[in-house]
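Engineer: The structure under discussion is supplied below as C-alpha cells; questions concerning it will follow.
Every number in this text was worked out from the coordinates using simple rules, so none of it is lab data. All figures in this text were calculated on a predicted structure; none of them were measured in a lab.
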DNA sequence: TCTTGACAGACCACTTTAGACGGTCCATTG
DNA sequence: CAATGGACCGTCTAAAGTGGTCTGTCAAGA
C-alpha cells in the first residue's frame with residue numbers, strides 16, 4: 001500500500017478527474033472551486049503534481065505552448081482519489097487573526113479598532129454578496145442543491161459573521177455604526 | 001527596529017502579561033482561550049518562547065519540577081505586544097476538510113457520507129452547547145459583553161453551521177435525519 | 001515594431017505542523 | 001513499599017505549507 005494522500009493531493013486528483021489540466025489551470029480552478037475553505041499555493045501544486053506523477057497517479061502530457069504541462073489522472077489515480085475521498089475528514093482548522101487581536105481588545109487604540117472592524121466587515125459583506133450572486137446564477141443554470149452545499153456553507157458562514165459584526169457591543173464600536 | 005512579531009508570538013506575549021507561565025501552561029491556556037479560532041502546537045510554542053527570550057521580550061525563570069521552565073514578560077515585551085496588537089490583522093484562513101470531501105460527494109459511499117455528516121454535526125452541536133454554557137457562566141459572573149465577543153463569534157459560527165447541517169439537501173443525507 | 005501584460009513553471013528560503021520520543025514526578029494499588 | 005499507569009514537560013524531525021522572485025512565452029494593441 002502506497003503512502004496516504006494528503007488533502008491537497010486528494011483535491012488535485014479530484015479536479016483532474018474532469019480532464020487534463022496544467023498546474024496553472026489547477027491553481028486557478030482550486031482558487032475558485034475550493035478557495036473558500038481550502039488554501040492552495042502555486043509551489044504546493046507543482047510539488048504535489050511532481051509527486052503524484054512519480055507515484056503513477058497522474059501522467060504528464062505533451063508540453064504545450066509556454067511550457068504548459070498538462071497532467072491527466074490514471075486509473076490508479078482514480079482509485080487513490082476514491083480511497084482518499086472516503087477517509088474521514090480531519091478536524092477543521094480556523095485561523096482568525098481578527099479574533100486573536102480582539103481577545104486583547106483593551107490594548108487596541110479605539111480608532112484603530114473601529115477602523116479594523118469596519119474594514120473586516122466590508123470584506124465579509126462583499127464575500128457574502130459574491131456568494132449569493134454565484135448561488136443565484138448556479139440555481140438559474142439548473143445546478144441542483146447538492147452541488148451547491150459548499151456555497152451554502154459559505155453563505156451561512158458569512159451571514160453569521162455579518163450578524164456578529166452588527167451586534168458587537170458598543171465599547172468596541174465606539175457607539176458608531178461600522 | 002526588531003523583527004515583527006508573528007501572530008502566535010503576539011498571542012503568547014498577550015497571555016504572559018497576566019503572569020509567568022511555562023510553555024506547557026501556555027499551550028493549555030491558549031487551547032481554551034483562543035483555541036476556537038487560533039491553533040497552537042507545542043512545537044510552535046517552545047520555538048517562539050526560545051525566540052522571544054533571545055530577543056529579550058521574555059525572561060526565563062528558575063527551572064521548576066519536571067524541567068518546568070517558566071517565562072515572564074519584560075517591559076520591552078509589553079511594548080512589543082502593544083505594537084503587535086495594534087497592527088492590522090491578517091486575512092482569516094479557513095481549512096475545512098469536510099467541505100473539501102463534500103466537493104466530491106458523488107464519489108463518497110452513501111453510508112460513509114451519512115456517517116461522516118452525522119459525526120461532524122455532533123461535534124459542532126457539542127461545541128455550540130459548550131460555548132453557550134460558558135457564555136451563560138461568564139454573563140452570570142458579571143463579565144461584560146465586550147469581553148465575550150470571541151465567544152459570541154463562536155456561538156454565531158456554530159449556530160450557522162448547525163443550521164447548514166440541518167438543511168442539507170436530501171441526496172446527501174439519504175432522506176434521513178442526521 | 002515595441003511594449004505591456006497575462007500565461008506558465010521553476011526555484012528558494014523560509015515557517016508551521018503533527019506527532020514521535022524521552023524523560024520526570026505523583027498517586028494509587030497490590 | 002514497590003511498581004506502574006498516567007499526567008506533566010520539553011525536544012526533535014519529517015512533511016506540509018507559504019510567499020516571493022526569476023525566467024521565459026505568447027498575444028494584442030499602440
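Engineer: Largest first, please: the extent of the C-alpha atoms of the stretch B:48-178 along each principal axis, to the nearest Å.
Structural biologist: Computed over the stretch B:48-178, the largest-to-smallest principal extents equal 60, 38, 37 Å.
Engineer: Taking every pair of Cα atoms in the stretch A:7-85, average 1/r, invert it to obtain the Kirkwood radius, and report Rg/Rh to two decimals. If you can, show how the numbers build up before the last one.
Structural biologist: Details: Rg = 11.5 Å, Rh = 12.4 Å.
Result: Rg/Rh = 0.93.
Engineer: How big is the stretch B:97-173 on each of its three principal axes, counting only the C-alpha atoms and giving the largest first in Å?
Structural biologist: Extents along the principal axes: 50, 19, 16 Å.
Engineer: Then there's this: I'd like the orientation of helix A:149-165 relative to chain A: the angle between its Cα long axis and the longest Cα principal axis, in ° from 0 to 90, rounded to 10.
Structural biologist: With both axes taken from Cα atoms, the answer is about 20 degrees.
Engineer: If you don't mind, there's one more thing I want to ask. Give me log10 I(q)/I(0) at q = 0.17, 0.19, 0.20, 0.29 Å⁻¹ for the stretch B:1-43, Debye formula, one equal scatterer per alpha-carbon, no solvent.
Structural biologist: -0.45, -0.56, -0.61, -1.13
Engineer: Which angle between 0 and 90 degrees, to the nearest 10, do you get for helix A:110-140 versus the longest principal axis of chain A when only C-alpha atoms count?
Structural biologist: For helix A:110-140, the angle is close to 50 degrees.
Engineer: As a check on your grasp of the helix formula, calculate [θ] at 222 nm for the protein assembly as shown: sum -39500 (n - 2.57) over DSSP H runs of n ≥ 4, divide by the residue count, round to the nearest 500. Could the numbers behind the result be given before it?
Structural biologist: Details: 16 runs with 207 residues, N = 356.
That comes out to -18500 deg cm²/dmol.
Engineer: Find the all-direction average of the projected area of the Cα convex hull for the protein assembly as shown, expressing the result in square nanometres with one decimal place. Kindly include the intermediate steps, with their values, before the conclusion.
Structural biologist: On the way: hull surface 90.6 nm².
If I average the Cα hull's projected area over directions, I get 22.6 nm².
Engineer: To test your reading of the geometry: what angle, between 0 and 90 degrees and rounded to tens, separates the Cα axis of helix B:75-85 from the longest principal axis of chain B?
Structural biologist: Rounded to the nearest ten degrees, it is 30.
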